C-alpha cells in the first residue's frame, strides 16, 4: 500500500486539536517528536504543556502501539516503528508560517495502520480550502496551483498579512485563495 504524503497550511493549534481528536476516536498513541541532529526525543503529548509557538516546527506522531519515550536515533525509530503516521507542523510566527506535511513511511508493514492513516488524511483534507498562487520572488511571476491546500483559519492568517512559505526553500511564497481579490 502506498504511503501517505500530504502537504497543507494549518495553524499549529488546529493540527494539535485534530490529532487529539484522532487519538481519542481510534484509541491511538500520540507523541511529540523533538528533533536534534540525527536523533529524536519522544514525548507523550499528555506530559507536555503546549502553546502554539512550541509546536510549530515540531512533529506529531500517531501510532497504533506504544512508542518508547526518550532519545532515539531517527534511523532506529523508523526501523522500530515503521507504521507511524507523522505530521510535521510548519514553523509558525506572527509574520509567516511554513507548510505542514502529513506522511507515513514506505517501509510500513501494517496494512490496517495504512488504511487508518489514509482515513486520517481524508478527514484532514475534507477541512481544506483549495487553490492559490505560487509566486517566485526573484521574478514575481505568479502561477496558479490547484494542489495548494489550507484551512479557513490559515486563509484568514494570510488575509491578515501573514506570509505563507513552502516547507523548505526561500524563493517562493504562496498566495492563498483561488482567485484574485
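The values are calculated or read from the model by the stated rules, or taken from the named source; none is laboratory data. A quick note: this is a predicted structure, and the numbers were derived from the prediction, not measured. In this analysis, Cβ positions are derived from the backbone assuming ideal geometry, glycine residues included, and neighbour counts consider all displayed protein chains.
So, residue 122, is that one buried (at least 16 other Cβ atoms within 10 Å of the Cβ) and in the same structural domain as residue 19 (by TED's automatic domain parsing) or not? Taking the combined requirement at face value, the residue does not satisfy it. Of the residues examined, residue 114 is not one that is more than 16 Å from residue 31 (Cβ to Cβ), free of Cβ contacts under 8 Å to residues at least 60 places away in the same chain and in a helix (DSSP H, G or I). Quick check on my filter: what residues within segment 65-99 are over 19 Å from residue 124 (Cβ atoms) and not in a loop (DSSP other than H, G, I, E, B)? Answer for segment 65-99, where residues must be over 19 Å from residue 124 (Cβ atoms) and not in a loop (DSSP other than H, G, I, E, B): 70, 71, 72, 73, 74, 75, 76, 77, 78, 79, 80, 96.
Residue under question is residue 121, and the condition is that it be without any contact (Cβ under 8 Å) to a residue 24 or more places away in the chain and either farther than 17 Å from residue 93 by Cβ or touching a strand residue (DSSP E or B) at 6+ places or on another chain (Cβ under 9 Å) (or both); does it hold?
no
None of 102, 124 is outside any helix (DSSP H, G or I), within 16 Å of residue 5 (Cβ to Cβ) and in contact with a helix residue (DSSP H, G or I) (Cβ under 7 Å, 6 or more places away or on another chain) except 102. Pairs linking a residue in segment 23-41 that is closer than 9 Å to residue 63 by Cα to a residue that is part of a loop (DSSP other than H, G, I, E, B), with Cβ atoms under 7 Å and 6 or more positions apart or on different chains, are 28/64; 29/65; 29/66; 29/67; 31/67.
Within segment 18-42, track down each residue that is modelled with pLDDT of 90 or more and closer than 30 Å to residue 158 by Cα. 18, 19, 20, 21, 22, 23, 30, 31, 32, 33 - these are the residues of segment 18-42 that are modelled with pLDDT of 90 or more and closer than 30 Å to residue 158 by Cα.
Scanning segment 72-90 for residues that are touching a residue at least 60 places away in the same chain (Cβ under 8 Å) and farther than 18 Å from residue 23 by Cα turns up just one, 90.
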